[in-house]
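Data block below; observations after.
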Amino acid sequence: MDKVGQTTARALLRRLAAEQSERRVPSLTAMIVRDGAPAWFGARGQVGGAAPGDDTQYRIGSITKSMLAVVVMRLRDEGRVGLLDTLDEHVPGTPFGSATIAQLLSHTGGLTAEPPTEWWERTAGLEFDDLLAELGPDNARHRPGRLLHYSNLGYALLGRLVEQQRKTPWLEAVRQEVLEPLGMTRTTPRPVAPHATGYAVHPWADILLEEPEHDHKAMGPAGQLWATPADLGRWAVFLGGDTGGVLDPATLAEMREPLSVADGDAWSGGFGLGLQVQRDNGRRLVGHGGSMPGFLATVYIDPADGVGALFMANTTAGVRQTLLNDLIGILDELEPRLPAEWSPSPVDPALLALTGLWHWGPSPYTLRLLPDRGLSLTPVNGPGRASRFVPQDDGTWLGLDGYYAGEVLRVRDNHLDVNTFILTREPYSPDAPVPGGPGEWQS
């Protein structure tokens with residue numbers, strides 16, 4: 001499988017081996033994906049007396065949430081659910097009815113982190129109606145939208161929403177709409193051989209305790225699924241942009257946008273719609289981590305260049321959060337990606353005439369052409385209201401990002417109109433309809 005150089009492969013395996021040995025992990029697998037395919041796979045430890053392979057199942061815990069979130073977003077794209085809809089509109093009768101679907105997806109709905117039952121990860125699950133009977137107003141910890149407060153319970157409610165809309169169990173909806181189209185045939189709700197057994201490792205001795213495994217029923221959307229490294233690698237490629245027809249690429253990009261921050265002023269991690277986002281060494285990684293008794297797993301990818309990594313382990317605790325960042329860092333150091341070759345391309349002369357210097361009031365901006373008739377508006381003097389624009393059928397341009405995201409740029413005879421702001425070739429040009437009048441410059 002290795003599509004990396006021998007030196008790189010050795011360095012990656014060395015980092016994985018150190019993690020398995022130093023952190024006393026019964027078995028540990030990892031994969032690098034690049035350019036839409038696995039580029040390296042490594043494994044240490046044993047499962048059933050042999051080294052685990054890329055077809056060995058591990059429990060993926062909360063990565064399940066991201067797969068359910070894709071189904072929710074498909075419902076949104078179909079017009080069946082709105083992100084600003086309240087929970088009451090689709091799952092009436094809960095104490096959290098004013099929370100929106102977007103807030104539940106991004107863990108900002110204010111719900112308690114865990115259901116008010118026995119420790120749900122270690123016990124057999126309840127049916128939804130039985131879970132609902134346990135809930136009360138005191139299970140709301142914060143007003144909806146106030147802050148990020150991770151909630152497994154919130155995803156149980158989203159699972160119920162999917163069942164109400166699809167008229168089928170949430171697992172079946174995920175299987176039909178996500179797993180099967182992506183070829184993830186070894187991702188299942190319960191373990192299917194070959195699979196690892198989940199263990200806790202004693203903190204003061206080299207002995208193991210087998211952890212329990214159950215059908216969590218109503219809480220299943222929070223962490224039920226098992227998968228293999230090969231399947232999770234396909235999931236990483238999906239998150240990087242190869243949606244396989246499962247989701248509109250624009251919707252996936254929307255899911256990857258950070259909506260809430262997990263670590264205060266550091267701003268190094270947070271959540272989008274069903275996805276965790278992380279900033280590290282200039283990369284913006286998206287994915288999700290997962291933990292259940294006896295298992296840890298995490299998958300991240302940088303959509304900008306399609307480089308990602310994942311690990312899967314059968315231990316309740318111990319794998320360092322830096323493992324994936326270290327693996328990606330090794331790849332970046334030993335096999336840095338070459339910049340794409342530049343080559344000239346034909347342009348529309350009318351668009352070429354728009355390029356160059358423009359002024360928003362006294363502030364100079366440059367306008368340059370992008371591929372596929374796109375435009376880039378950038379301040380000359382450092383940071384400011386920079387945005388990219390994509391052409392529309394009506395002759396306007398729509399803001400893609402930055403200050404003007406979602407706003408409209410119109411090209412006039414002698415000026416640009418960006419959502420009522422007038423940009424002119426000269427500062428406050430008297431030939432353009434600048435609101436308030438151009439006046440005269442004075443010395």
Legend entry - Residue check, Leu153 buried (at least 22 other Cβ atoms within 10 Å of the Cβ) and within 25 Å of Gly233 (Cα to Cα): no
Inset, instruction - Mind listing just one residue for me: the one in the range 381-400 that is among the polar types (S, T, N, Q) and in a loop (DSSP other than H, G, I, E, B) and, of those, modelled with the lowest pLDDT? - result: Asn381
Legend entry - Condition check for Arg410: of a type in the set (Lys, Arg) and outside any loop (DSSP other than H, G, I, E, B): yes
Inset, instruction - Quick one: Trp170 ticks every box in (1) among the aromatic types (Phe, Trp, Tyr); (2) more than 22 Å from Ala156 (Cα to Cα); (3) out of contact with any strand residue (DSSP E or B) (no Cβ under 7 Å at 6 or more places or on another chain) except a single one, so which number is it? - result: (2)
Inset, instruction - Looking only at the range 225-244, decide whether some residue is touching a helix residue (DSSP H, G or I) at 6+ places or on another chain (Cβ under 9 Å), buried (at least 22 other Cβ atoms within 10 Å of the Cβ) and in a loop (DSSP other than H, G, I, E, B). - result: yes
Inset, instruction - May I ask you to verify whether Arg34 is farther than 22 Å from Arg234 by Cβ and either polar (S, T, N, Q) or touching a strand residue (DSSP E or B) at 6+ places or on another chain (Cβ under 9 Å) (or both)? - result: no
Legend entry - Residue under evaluation Ala253, criteria (1) at pLDDT 95 or above; (2) buried (at least 16 other Cβ atoms within 10 Å of the Cβ); (3) under 10 Å from the mean Cα position of the chain (by Cα), criterion not met: (2)
Inset, instruction - Being at pLDDT 95 or above and assigned to a strand (DSSP E or B) narrows it down to one of Val319, Val286, so name that one. - result: Val286
Inset, instruction - Residues being surrounded by 14 or more Cβ atoms within 10 Å (Cβ to Cβ) and either outside the structural domain of Tyr58 (by TED's automatic domain parsing) or under 18 Å from the mean Cα position of the chain (by Cα) (or both): count how many of those fall in the range 313-330. - result: 3
Inset, instruction - Can you tell me which residue within the range 414-443, out of those that are among the acidic types (Asp, Glu) and modelled with pLDDT under 90, is surrounded by the fewest Cβ atoms within 10 Å (Cβ to Cβ)? - result: Glu440
Inset, instruction - Give just the number: which of (1) part of a loop (DSSP other than H, G, I, E, B); (2) touching a Gly at 6+ places or on another chain (Cβ under 9 Å) does Leu157 not satisfy? - result: (1)
Inset, instruction - Go through Arg14, Arg10, Arg76 for me and flag whichever is within 25 Å of the chain's Cα centre (by Cα), in the same structural domain as Met255 (by TED's automatic domain parsing), in a helix (DSSP H, G or I) and farther than 24 Å from His216 by Cβ. - result: Arg76
Legend entry - Residue in the range 37-54 that is basic (Lys, Arg) and in contact (Cβ under 8 Å) with a residue 40 or more places away in the chain present: no
Inset, instruction - Tell me, yes or no, whether the range 181-188 has at least one residue that is in contact with a strand residue (DSSP E or B) (Cβ under 9 Å, 6 or more places away or on another chain), farther than 16 Å from Leu105 by Cβ, in the same structural domain as Pro95 (by TED's automatic domain parsing) and not hydroxyl-bearing (Ser, Thr, Tyr). - result: yes
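The values are calculated or read from the model by the stated rules, or taken from the named source; none is laboratory data. No experiment lies behind these values; they were computed from the predicted model shown. Cβ sites come from the backbone with ideal geometry, for glycine too, and all protein chains shown count toward neighbours.
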